[in-house]
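Take a look at the structure set out below.
The values are calculated or read from the model by the stated rules, or taken from the named source; none is laboratory data. All figures in this text were calculated on a predicted structure; none of them were measured in a lab. We place every Cβ from the backbone using ideal geometry, glycine too, and count neighbours over all the protein chains shown. These area figures cover heavy atoms from the full protein model, side chains too; ligands, DNA and RNA do not enter into them. Shrake-Rupley method; radii C 1.70, N 1.55, O 1.52, S 1.80 Å.
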Amino acid sequence: MKRILIPTDFSEASYNALEYAVQLFINEACTFYVVNTYTPVALYTTTIYDSHTSLNVDLGEMYKKASLENLDKIITRATDAYPNNKHTFNPISSYNVLTVEVNEIVATLKIDAIIMGTSGASGLKEVFIGSQTMQVVKDAKVPVIGVPDNYKFKALKDILFTTDYRSGTNQVGLSLLEGLCRKHIARLIFLNAYYGIELDREQLENKELLDEYFERDAHLNEVADGMDVLEAVADFQSKHKIDLLVLVHNKHSFFENLLFTPVVRNIVHHASVPFMILPPSKTTL
């Protein structure tokens with residue numbers, strides 16, 4: 001049984017991610033943990049803590065009650081729209097910072113994936129919504145699937161996996177990806193950004209291992225000549241329709257991270273299709 005964590009702030013964007021999740025795993029037994037965190041500003045104020053303890057307690061209870069009521073509403077909304085006896089929903093309401101709560105739930109409940117809404121907007125909306133997703137991606141030990149605002153679920157047909165062939169098959173989330181390919185009978189396209197330097201021995205071995213790992217699934221290898229990752233993805237999408245974009249958030253050196261992090265941030269903020277960010281390989285956890 002899959003265990004899927006879905007953070008929500010009760011916005012339409014976060015509900016859209018919940019809808020996407022139940023449809024993505026429509027034929028699988030799943031437990032969906034729908035989590036809402038709240039951090040009332042007043043609870044951090046020392047003067048209120050010291051002088052108005054009863055007010056502080058009442059305020060905390062008020063937020064807790066509202067959180068649980070809203071969780072019940074969105075879960076009912078989802079189960080009414082997509083009744084499925086294979087799916088179970090558990091609400092989680094917590095007075096905590098989202099990223100801290102997510103990491104605790106992932107470790108405690110052995111979560112398989114996190115699915116959350118994200119925004120393609122610019123300005124302040126991008127800063128606030130995008131920063132939450134980026135923080136979850138940055139710290140996640142399991143795959144994070146981001147669903148762009150207003151994106152409506154489409155059956156997976158083509159999945160684009162951008163790779164430098166450095167991570168191979170020793171990586172968290174690869175079994176989840178293979179399962180999606182198999183369940184949806186989707187084609188997986190490996191896309192490698194090529195700068196005129198031939199793949200080294202390690203990369204060639206990993207390429208072969210990936211071919212073997214996905215041997216039951218339709219897959220092929222593509223090369224983007226003279227392009228960086230973002231250019232390669234944009235070029236491919238200009239010619240082909242994809243339903244899911246996959247990339248690995250590898251832990252590199254400080255200077256390599258300066259180059260890689262903007263790629264993830266750009267995808268999180270501006271992707272037009274859902275994306276799956278795989279965490280670093282198991283050996284680096």
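Given H placed on each backbone N at 1.01 Å, which residues far from PHE89 in sequence or on other chains put an amide H within less than 5 Å of it?
Sorted by chain and number, the residues that satisfy this are PHE32.
Let's test the formula: R0 of 41 Å, r as the Cβ-Cβ distance of LYS86 and ASP228. What FRET efficiency results, to the nearest 0.05?
Efficiency computed from Cβ-Cβ geometry: 0.50.
Distance in nm between label sites at GLU28 and SER175, each 7 Å beyond Cα in the beta-carbon direction?
Each label point is offset 7 Å from its Cα along the Cβ direction, giving 1.1 nm.
Once ligands and nucleic acids are excluded and a 1.4 Å probe is used, how much of ARG265 is accessible, expressed in Å² to the nearest 10?
110
Is the shape of segment 128-185 rounded, prolate or oblate, going by the alpha carbon gyration tensor and its root eigenvalues a ≥ b ≥ c, with a/c under 1.5 for rounded and a/b larger than b/c for prolate?
The shape class here is oblate.
Rounded to the nearest percent, how much of the accessible area of segment 155-196 (1.4 Å probe, protein heavy atoms only) is carbon and sulfur?
49
Quick one: what does P(r) look like for segment 78-232 with 5 Å bins over all Cα pairs, in whole %?
Percent of Cα pairs in each bin: 2, 7, 12, 16, 18, 18, 13, 8, 4, 1, 0.
Greater than 30 Å separation of Cα atoms is the criterion. Which listed pairs, LYS73/LYS241; LYS2/LYS241; LYS73/LYS152; LYS2/LYS152; LYS141/LYS239; LYS73/LYS239, meet it?
LYS73/LYS241; LYS141/LYS239; LYS73/LYS239
How would you rank 66-73, 156-163, 3-10, highest first, on the average number of other Cβ atoms within 10 Å across their residues?
3-10, 156-163, 66-73
At what distance in angstrom do the alpha carbon centres of segment 142-197 and segment 83-101 lie from each other?
Rounded to whole Å, the Cα centres lie 25 Å apart.
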